[in-house]
1. Could you compute the net charge surrounding B:G178? Neighbours are other residues with a C-beta less than 12 Å from the C-beta of B:G178; K and R count +1, D and E count -1.
2. Dipole magnitude of the protein assembly as shown about its Cα centre, charges +1 at Lys/Arg Cβ and -1 at Asp/Glu Cβ only, in debye to the nearest 20?
3. Considering every residue in B:370-377, what mean count of other chain Cβ atoms within 10 Å of its Cβ is obtained?
4. Report the rotationally averaged projected area of the range A:120-268 based on its alpha-carbon convex hull, in square nanometres.
5. About the Cα centre of the range B:122-187, how large is the charge dipole given +1 on each Lys and Arg Cβ and -1 on each Asp and Glu Cβ? Please answer in debye to the nearest 20.
6. How long, wide and thick is the range B:201-334, going by the Cα atoms along their three principal axes, in whole angstroms, largest first?
7. Can you give the Rg/Rh ratio of chain A, where Rg is from the C-alpha atoms and Rh is the Kirkwood radius?
8. Any idea of B:D234's accessible area? Nearest 10 Å², probe 1.4 Å.
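The values are calculated or read from the model by the stated rules, or taken from the named source; none is laboratory data. This one's a predicted model, so the numbers in the text were calculated from it and none came from an experiment. Please note: Cβ atoms are built from the backbone with ideal geometry, for glycine as well, and neighbour counts cover all protein chains shown. When the accessible area is computed, the model is the full protein with side chains, heavy atoms only, and any ligands, DNA or RNA have been set aside. Shrake-Rupley method; radii C 1.70, N 1.55, O 1.52, S 1.80 Å.
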Amino acid sequence: MTEKAQEALTAYVFLLPYLFTLVIFFVYGFMRTFYFSFTEYNLFEAPSWVGLRNYAAIMTEPRFLTALRNSITFSVVVTTAQTVLSLALALALNQRLRGITFFRAAYYTPSVMSSVVITLMFMWLFQRTGAMNYLLTQVLVFRELIMAFLLGTAVLQGALVWWERRHGFAAAWWEPSLLVTAMMLSAAATVVLRTTGVVAADLEVNPVATPWLNTRRYFPDWRFPSAPIPLEALMILNTWTTAPTFMLLYLAGLQDIPRDLYEAAWVDGASAWQQFRHITLPQLRHVTFLVVTLGLIGTLQMFDQVAVIGDQAPLDSIITLAYYVYHNVFPGGAIPRIGQAAAAAVTLAVLTLAVVLVQRRVVER
Amino acid sequence: MAAGLVVLVASVPALASTVVRVSGWGGTDIAIVEELIERFVRPAVKPYDIEVKYEPIAEEFSGYLFNSLSAGTAPDLFYVDIFWAEPLMRTGQLEPLDPYLAKSNVLRKDDILPKLLAGFTYNGKIYGIPKDFNTLAVFYNKDLFDEAGVAYPDANDTWDTFAEKLRKVSRPEDGIYGIALPPEYARFGAFAYSAGFKLFDDNGKSDLSQPGFVEAFKWYTGLVKSGVAIQPADIGQGWGGGAFATEKVATAIEGAWILGFLRDQAPNLRYGATLIPKNPRTGQRGNFIYTVSWSVNAASKVKAEAFKVLEALTSPEAQQWVLRRGLALPSRKSLLNDPYFKQDTPEAKANLVVFQGASDGNVHPFQFGRYGGDWMTPVNEALTAVMSGEMNVDQALAQAQRQLNELASR
């Protein structure tokens, strides 16, 4: 045996455990699914061949089309949002600041928490009597005071900056030390205004009772590319939980960019934006490809958050392709529709593959 | 030497006995079934050398069962909920029990309440013995009614008098509502049946424009829109019983399953129970029957032994023990006259009301033919849409009807 063949053999031996699970659970599983998608099968009686009928059936079924539309909207919005957010977080956390490790840990926390636990907490926040509506109600109740405070801060900040500049100091409009002074003075003024009764809390306000989950409304109120409000709530949730993982990838990518590129650009007089546009982004291209690919696959197959929200939101306003598959395998109280579920699963797989190939063209052009 | 003897003695029955695997769901049910098996089943099947192996399933019981039946690894004896009994009976997964019942001297067909048995009968064959059952009743908070000086709901109430009592007892400004009504057919359906709604016509189609359905739909959603009722989710609760326990609602429509919950969560709540109000036009009540059977796996290798275990699990003594612990209502007719029902405790009285609910008016099993739970989804969504003010009654019902037609054409 040549040395090369021996090396290859060693590699395969180490790969064996993984190849074994890959073949059993993925290759075999996918082949079975592919076969079932051409049959009528209810788990109990032998599958009977029906050709393309399942595909024809799902393509005309409104619920499947809703799931398809929901999945695509969800995938596009969340992948874009989490990529931008994770890059922004990575850029922020790449600074040399005191206590940066704390912020890195804090921003990473959402992605290590169980997605089921997060979804449950999220459901409490978005109840009709939950924290979200409570906060909105408080804003309405104290709107005069809040306005007075904001207005006061703006006026005082303007006055302070003007006074500083008049005395020959180069104060910026957002000078933090002045801002703090302005806010403190404005808060004191608001308290005075409240005690004298010029502004008051409005206790007559009706509590905000927006249904965030139990609704089929779209926001904005058109069909495509808009999404139902509960699905949008899931988009926020999903972006928040997945961005930290991608932030880590970007952070690693940022640390790999040679410093001399920036130094050369600095010598040439490039602005911060020009450096970002012409050095950082191109250097991160491979990371971006990875982040977008993983993001697309993850979002197209999102299942757990829909399953946990369950009856709290109408099925059609949260259903995704992955949940559609599950719902057809175990339709509560009815006979399993394995053929239809398999056809939907194959469609999902083809869609995922196609989207990833297309984005590869775009990112790696 | 002594140790060797113990091992020898202990291993002899294990070698000779037949193992019957028994499965049900998790939660509080596990402790109950374990005790039932220990107290009643093991002594009863010991002479036949049967060993009972209990395997409770914590989550997604029906998914587990469908999967394991398909794979041939399912237990020998298991729970079947009336809600998903039909597909299992239709596809021959359950063993017909008639031949076993014919030979049995512990369990006969006419021991069991016929309405319950009907849910597990398919093409004239019996596929399960109901272990117990539940129906819906009105539970009311005595303190809230006393404070408002309003008479308690009672069996003579019609929808109108009931709604009037709720209106008087509710004080939305203080966050007190008359009733918690979930946007679900599982509760609303009782009122639809009360007004004469028929789930399916002769062609197996559902028509939501039946006057009874529309009347009940308007009444039910109207209570929420007028502020007399509130959806449980709107006060942060998942179900009517949860809302009832917080004392923010004066009444809730639930079954006897609420009793154990109240015992744990609101032990000082003074409550009573009465029958669902009658529709003023038809003079009828409506109700659901929720029930669960013990059924034998058709592919089991120990069917005769599994039936022996089934007999012990549904024996009069076992059912009486369950009843007296206040856990569920017995499916045996002979227990109707059990002294338990004559006790002067809120639980015993509530159980009696739930028991009576099974035979008063238009009572239907909680079952939707070949559609299963999919039948309810459009109706639940219509209820939600109207209760939250997103659609009016006509729009919502038209949309639900369209969805049901799609379902039927599948």
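1. Charge balance in the 12 Å sphere: +4.
2. Roughly 660 debye for the protein assembly as shown.
3. Per-residue shielding by partner chains comes out at 5.
4. Mean shadow area of the hull around the Cα atoms is 16.4 nm².
5. Rounded to the nearest 20 debye, it is 400 debye.
6. 58, 50, 29
7. 1.08
8. We get 20 Å² for B:D234.
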